[in-house]
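What follows is a short report on a single structure.
The values are calculated or read from the model by the stated rules, or taken from the named source; none is laboratory data. Treat the numbers as computed from the prediction; the structure is a model and nothing was measured. Glycine gets a Cβ as well: all are built from the backbone with ideal geometry, and neighbour counts include every protein chain shown.
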Amino acid sequence: MAFCVDLAHVSGLTNTFRKHGIDARFITGDTPKKDRSARLDAFKNCEYPVLVNCGVFTEGTDVPNIDCVLLARPTKSRNMLVQMIGRGMRLHPDKENCHVIDMVASLATGIVTTPTLFGLDPSEIIVEAAVDDMKALQDRKEAEEQRAQETIRLRPTKDAAQTSRSPRSLVFTDYNSVFDLIEDTAEERHIRAISPHAWVCVSHHRYILTNMDNTYLKIEKFPPNTSWVVLEVVALPASSKARYARPREILKADNFLDAVHGADTYAAKKYIFPFISMNQAWRRREATEGQLAFLNKFRSKEDPFTPATLTKGRATDMITKFKFGARGQFANFEAAKRRQESNQEKTEQAVAVAAREKVSVGPLLSER
């Protein structure tokens, strides 16, 4: 069963099937009731293989022998998506599985499946994974998140005015290397929970989404401002003196959620979807030789990345962080940490000196 956008789409897709020797028939809201019943009964009896429709069979139709659902229309409605897929979820003695073909990234809307009930990304689940397998994956992810939470970012305390006076008013992430920094995905998990796109957090309050031509969107907030701004930076031709044009403001938002949604709407219209989408097969493939060569230049020779340890999507995210200043950010963290430790050491020394110089006077005895 194929789901189309409109009547013209129904006609075009039906004719395309027929041109390739496949008997496809259609039903729309304009199909006479008698013809609709006849075509549907013939489809249930397996007299022809493909039924194309537009807005007719999204819900309430029981055709249990459907073993393939073709999503040729987009939708942002999770309920609509579930209804369309549900046409193929009925049990039937002549089928074991239902093949869902997503031609327009409708599945990015997301549906509730067994993996998602475990808090997992369905794209990461191996074929025929059992419940025990998914529970093990869930436990592993929770352990990874726990380790990530044990690292504390360099952030001011709520009372920023005390920062310069108290060396204890700052806490630090203990990044042993720049790779500890770029492998920290805590901020990515936050933005990717509300966006289907592969945003990368390159620093506090700054997120990047890169297009295939190196043009990119940037979401950021400049303290002490409370609003967020979305900027586009266009990559210039190699013949130009500058690599990028001046940033162009796309929109402003009062909160982070609105900024992300606005940026996503713009990206969906202007950027190449397979490149910016999180749910793409290429992101799960092995990292390329070029990616590995670039990242391993900065990594210990005793512990290099290999195709078995790094995916193409993760490598792309890491390179984005390098490109947008991860080494400088790490250096700033280290410098701030050294200043904090130095201030704390000076404070402790001052306390010790004061203790040594303190003069205690005992009780005075009066003469009689």
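The criterion of being surrounded by fewer than 15 Cβ atoms within 10 Å (Cβ to Cβ) and under 20 Å from the mean Cα position of the chain (by Cα) holds for K269. Right, R283: more than 18 Å from T215 (Cα to Cα) and buried (at least 18 other Cβ atoms within 10 Å of the Cβ) or not? Here the answer is yes, as R283 does meet what is asked.
A quick yes/no check of all residues on (1) of a type in the set (A, V, I, L, M, F, W, C); (2) within 22 Å of K218 (Cβ to Cβ); (3) more than 22 Å from the chain's Cα centre (by Cα):
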position: K301; (1), (2), (3): no, no, yes
position: P307; (1), (2), (3): no, no, no
position: L310; (1), (2), (3): yes, no, no
position: R314; (1), (2), (3): no, yes, no
position: K323; (1), (2), (3): no, yes, no
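Considering V56, V63, the condition of being within 29 Å of F273 (Cα to Cα) and either at pLDDT 95 or above or of a type in the set (A, V, I, L, M, F, W, C) (or both) is satisfied by V56 alone.
Can you confirm whether the range 296-312 contains a residue that is in contact with a Pro (Cβ under 9 Å, 6 or more places away or on another chain), more than 24 Å from L231 (Cα to Cα) and surrounded by 15 or more Cβ atoms within 10 Å (Cβ to Cβ)? Looking for residues that are in contact with a Pro (Cβ under 9 Å, 6 or more places away or on another chain), more than 24 Å from L231 (Cα to Cα) and surrounded by 15 or more Cβ atoms within 10 Å (Cβ to Cβ), one finds at least one in the range 296-312, hence yes.
Pick from the range 193-252 the residues that are β-branched (V, I, T) and surrounded by fewer than 19 Cβ atoms within 10 Å (Cβ to Cβ): which of them is nearest to D317 (Cα to Cα)? For the range 193-252, the residue satisfying everything is T215.
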